[in-house]
1. Set the bar at 23 Å for Cα to Cα. Now go through B:19/B:184; A:358/A:447; A:510/B:527 and name every pair that lies beyond it.
2. Please report, for residue A:389, the nm distances (one decimal) from its label point, 7 Å out from Cα along the beta-carbon direction, to the equivalent points in the remaining copies, shortest first.
3. Placing unit charges on C-beta atoms (Lys and Arg positive, Asp and Glu negative, everything else neutral), compute the dipole magnitude of chain B about its Cα centre in debye, rounded to 20.
4. What net charge do the residues around residue A:21 carry, taking every other residue with its C-beta under 13 Å from that of residue A:21, with Lys and Arg at +1 and Asp and Glu at -1?
5. Note down the net charge around residue A:41, summing +1 for each Lys or Arg and -1 for each Asp or Glu among other residues with Cβ under 15 Å from its Cβ.
6. Mean shadow of the stretch A:153-217, computed from the convex hull of its alpha carbons, in nm²?
7. Pairs of alpha-carbon atoms within less than 8 angstrom and 6+ residues apart define the contacts here; what relative contact order does the stretch B:265-347 have, in percent?
8. What gaps in nm, shortest first, separate residue B:136 from its twins in the other copies when you place the label 7 Å past Cα toward the beta carbon?
Protein chains: 2
Amino acid sequence: MELTGKSFIGFRRGSYQGKILYGFNPATGEQLPPAYYSASLEEVGEAVELAARAFAIYRHASGREKSDFLRTVADRVEGLQELLLVRTPQETGLPAARIQSEIGRTCHQLRLFADLVEEGSWVDARIDRGDPHRQPNPRPDVRSLLRPLGPVAIFGSSNFPLAFSVAGGDTASALAAGNPVIVKAHPAHPGTAELVGRAVLDAARDCHLPEGVFSILYDAGFEIGTALVTHPLVRAVAFTGSRSGGLALMAAAASRPDPIPFYAEMSSINPVFILPGAMRENRDHIAAGLSGSVTLGAGQFCTNPGLVVMAEDSEGTAFAEKLRTLMGNSAEFTMLSPRISSAYRSAVTTRSQHRHVKTVVEHTVSTAPGGCKAGPVLFLTDAASYLSHPELTAEIFGPSTLLVTHSNREQLLDIARTLEGQLTATLHGTGKDLGEFRDLLEILETKVGRLIFNGFPTGVEVCSAMVHGGPFPATSDGRTTSVGTRAIYRFVRPVCHQNFPDVALPDELKDNNPRGIWRMVDRAFSKDAVT
Amino acid sequence: MELTGKSFIGFRRGSYQGKILYGFNPATGEQLPPAYYSASLEEVGEAVELAARAFAIYRHASGREKSDFLRTVADRVEGLQELLLVRTPQETGLPAARIQSEIGRTCHQLRLFADLVEEGSWVDARIDRGDPHRQPNPRPDVRSLLRPLGPVAIFGSSNFPLAFSVAGGDTASALAAGNPVIVKAHPAHPGTAELVGRAVLDAARDCHLPEGVFSILYDAGFEIGTALVTHPLVRAVAFTGSRSGGLALMAAAASRPDPIPFYAEMSSINPVFILPGAMRENRDHIAAGLSGSVTLGAGQFCTNPGLVVMAEDSEGTAFAEKLRTLMGNSAEFTMLSPRISSAYRSAVTTRSQHRHVKTVVEHTVSTAPGGCKAGPVLFLTDAASYLSHPELTAEIFGPSTLLVTHSNREQLLDIARTLEGQLTATLHGTGKDLGEFRDLLEILETKVGRLIFNGFPTGVEVCSAMVHGGPFPATSDGRTTSVGTRAIYRFVRPVCHQNFPDVALPDELKDNNPRGIWRMVDRAFSKDAVT
């Protein structure tokens, strides 16, 4: 399949007019053909208008039609496996095994949402039956369900070229809810984006969906992305990326004449607290797990554990020593792009020069052609220094973490209290520790979307109960998750029908419950028909 | 019970330092003692800090504890009936019968949320069980549920001195979710606010809840309200009021260093479409219902029908004539406040001078002492004029409506297409009309929160299925409702526990399901224990 370098405006291909970007091999420093051309502002308008027209049809697609589409996308992405295993490692530096597993995750996500909308109960159908005899006024018949919002703009991430990109979790959940999607392709993997984008569009054609249900736009800068977020017909935005990029687009969405929902997953340091019993009983095991989690995927995960809190004692010293050995012996990594690796090196340099921070491991790396090699870095400081230097709370995106030793319980709690909103927090403890540090857990519950016990934050399970979100600034909207089936609720709103005849109601609200879904009928859950 | 004129800072009363405001009798023009004193900025801080401390306890209140509290509030509000039936009509101009029914609605709302949280399934508990043997990685045990956000600031409305004020729907839903509440009392009914506020605080004491779970602040201007919205410890805001007020506070919430959820219910013209069959068959019946809906409560409802669309034909002419008679014979009304009645008079004057608008009814009113008398006003224009003069789409808050006649279907659809987001849209039609105007319904479904068939938008039923919300600018966040049990979802976020021992989980997530709630276990709804 030949790569063409053009945006997809519905089923058409974009023009060749815009600024040029290229894929780049971070392992070799090679520029990867073909040239990719930024979309024009006119093409943004065309894609969004096609999406708005497609919405008039696609919002009525049945659960079965949407699930067929999502499953066809998954099948077609699997069909791309050979091509993706060549192109994606080239433009990301990620190993083939990771790409393989990411293809699996991407297709699992698509099929999970397919199952969800095929089953159908997710629409939260509610029926309160009327009573014409109620005094002093008749009670109306009131029925409501969740409906899609309209065209959704999605900004793919750099670090998940498949699972959080063109056909990733945001796209799957927005399409499952009945919204057309316009993807702004991440410039770090344009070829992967084109391959997957073509698969999605082929699936849309296979399923006889209207043109505009899906488009992809390339953007060498920020103009096209901003135009998408501010286009009057775009009804919601999902973004995965840096805090600065997320905040800029968040402000653009909020300052529209009609502000729209904006979901950004931005930054998190994912603190890990090692409690005394666990440190005594599982020290080496925790060190091994932590080293693996910090360095997984060259540390380029939003759930990377960037802060580790433990007591300042001989156990802690032994733990730091163990971690020093493990991380010091780690291989060097290729990071995703020159921009990310240079930001990592710069952040590491700044922190290693901090007068209150000791650099325990700083892996020297080879000067490879791509300039994107990086090694793991382990920092150490004490709680008093950490608490009085807010710059130490900043995320370093890459295979690095900061050990903080505390000398008393109040310091430990203060570290928890001063945390910004986070995606996750992890506790390592015995059952006894959990009882003794209930107050720590209490604080963390108000700060994060996910609490992990005796595990590590990397490796986000895609399931119904997952919460991958958290209070600002971990995300722009802490009421939501971008992973798991609850992600669909970002792209819907409730719509109510009062006193409509059965024939004019959506199937989910009809008396005889033709979809056979769970509904709330007169305040009780039921799959029964209404009589 | 003597009124004191002081804010409530937790269980304490405010100081006497701030700017003064008085209740005002719009029927007589009398100022009503006592003087009410604006809270100080220091008192805002105290109230919010008390709320944040109370949150540490109240967020763990069981469904039973919260339902006891809400029911005790309802009982105590009912106990105030005699006092409210004296004071509230005085400071609102609303008749005693309306206050009586609003007390009923307020207590119904409180008890509806009490039932919801006592039953408990609303928390959307989800359990995905782990599998230590899964390859290549074990599957973690992942469990999640909805948790409260923290202190919520609530701005009471002027037009529902009970049902959307101190102990109204916003307060009931925020408290039900487990959030402390700080109310900014509406200056148009300070005495009612004090009576109800004392009832809520007495109920909090009766139920042994922590100080700070509820406070009320008076504000003669905007300073205290703005300070609440921008206070770092406030986690969400709900507001019912004008578009200008809502937009100003919405911008303040969005420009915080940490933006917070902001729910404003602002403005809506609630279009009514009368289709040909219904006009032929039910003309007089519709005219009578519409006249009643336009003038109900002196038109001071967010669901007031401010736009009526019908064909330009002899039936339409007869309908307009019928409506002219009905509205022309209507009694005059006392509006809520000098500010509202003067805004109404000014908007009516402007519209009646519009060169494309005919004033069919303009009720001259007596010059009563309060200066707040108003009469119903009926305007008429044609679709071409309406479509080319956007100023005609503005809401006029009061007993007025605008008839728009169209001469073809495309004009009818254009009127629908150009609508801003609305709380409601109403269709009057026969079964045949519904089939023939499916395209109109399609457009309206994307514009509103609630569709009404052969009824009127005023009279919002409080139930599980109700949606009182709608796309911007009807509300600031069209994904939500402020009436009905779904309103609770404005004040929660999902929190996930991964691999926690059963003993450390919230009751709703424990294996044996001690609360006996509906849960989603391994993707299926169930009330069973997990084994």
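Derivation of every value follows stated rules applied to the coordinates shown; laboratory data play no part. None of the values given here were measured: they were computed from a predicted structure. Here the Cβ positions follow ideal geometry from the backbone for every residue, glycine too, while neighbour counts run over all protein chains shown.
1. Pairs exceeding the cut-off: A:358/A:447; A:510/B:527.
2. Relative to the other copies, residue A:389 has label-point distances of 6.8 nm.
3. Dipole of chain B, to the nearest 20 debye: 480 debye.
4. Net local charge, residue A:21 excluded: 0.
5. Net charge around residue A:41: -4.
6. So the mean shadow area of the Cα hull is 3.7 nm².
7. 38 percent
8. Spelled out, the distances from residue B:136's label point are 7.1 nm.
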